[in-house]
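For reference, the structure discussed in these notes is given below.
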Amino acid sequence: MTNTIIHSSTCTTCKRILKEFETKNPIFIDIKKNPLDENQLKDISEKVGSYKILFNKRAKKVKDLELEEDNMNDNDYKNILLLDYTFIKRPIFIFEDKIFIGNDKKTLGELEEYLK
């Protein structure tokens, strides 16, 4: 999954970020239309160190699950991420040597520096 951008085509934040940051000939994966399978998720989590890093705490459905994150292990996060695409932080920019996950200022600043 080198030079890949994982996003949601209906997410306005993803749309804004994709316009802002151009990469050379990326593969686009719309996780709403093509959810990540277990192997794809495993591949990304191994590169970043855990499934928890991929977990979107701000997803509306998180409150519905009434999760007790203090008691969750990495396998718990994996299972939740596989339930619904909204639990995955996005966008995800995957390059040969680096992965950028989410839309916080720090991540986007690092992405901007990387693309220079």
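Taking Thr86 as the residue in question, decide whether it is closer than 24 Å to Asp43 by Cβ, β-branched (Val, Ile, Thr), surrounded by 11 or more Cβ atoms within 10 Å (Cβ to Cβ) and out of contact with any helix residue (DSSP H, G or I) (no Cβ under 7 Å at 6 or more places or on another chain).
Against the criterion (closer than 24 Å to Asp43 by Cβ, β-branched (Val, Ile, Thr), surrounded by 11 or more Cβ atoms within 10 Å (Cβ to Cβ) and out of contact with any helix residue (DSSP H, G or I) (no Cβ under 7 Å at 6 or more places or on another chain)), Thr86 does not qualify.
Among the residues of the range 1-15, write down those that are surrounded by 12 or more Cβ atoms within 10 Å (Cβ to Cβ) and farther than 18 Å from Lys116 by Cβ.
Listed by number, the residues that qualify are Met1, Thr4, Ile6, His7, Ser8, Ser9, Cys11, Thr13, Cys14, Lys15.
Residues in the range 86-116 that are in contact (Cβ under 8 Å) with a residue 12 or more places away in the chain and hydroxyl-bearing (Ser, Thr, Tyr): how many?
Just the residues of the range 86-116 that are in contact (Cβ under 8 Å) with a residue 12 or more places away in the chain, to begin with: 86-96, 98-103, 108, 111-112, 114-115.
Among the residues that remain, those that are also hydroxyl-bearing (Ser, Thr, Tyr) are: 86, 114.
Qualifying residue count, the range 86-116: 2.
Of the residues that sit in the range 49-80 and are of a type in the set (D, E, K, R) and touching an Asp or Glu at 6+ places or on another chain (Cβ under 7 Å), which one is modelled with the lowest pLDDT?
Lys61
Please work out if Ile80 is hydrophobic (A, V, I, L, M, F, W, C), closer than 14 Å to Leu54 by Cβ and under 13 Å from the mean Cα position of the chain (by Cα).
no
Run Glu46 past the list (1) within 16 Å of Leu108 (Cα to Cα); (2) at pLDDT 95 or above and report the number of the one that doesn't hold.
Against the list (1) within 16 Å of Leu108 (Cα to Cα); (2) at pLDDT 95 or above, Glu46 comes up short only on (1).
In the range 28-66, what count of residues is obtained for those that are surrounded by 12 or more Cβ atoms within 10 Å (Cβ to Cβ) and either in contact with a Lys or Arg (Cβ under 9 Å, 6 or more places away or on another chain) or within 20 Å of Asn103 (Cα to Cα) (or both)?
23
The values are calculated or read from the model by the stated rules, or taken from the named source; none is laboratory data. On a predicted model such as this, the values are computed, not experimentally measured, just so you know. Heads up, the Cβs are rebuilt from the backbone with ideal geometry, glycines too, and the neighbour counts pull from every protein chain shown.
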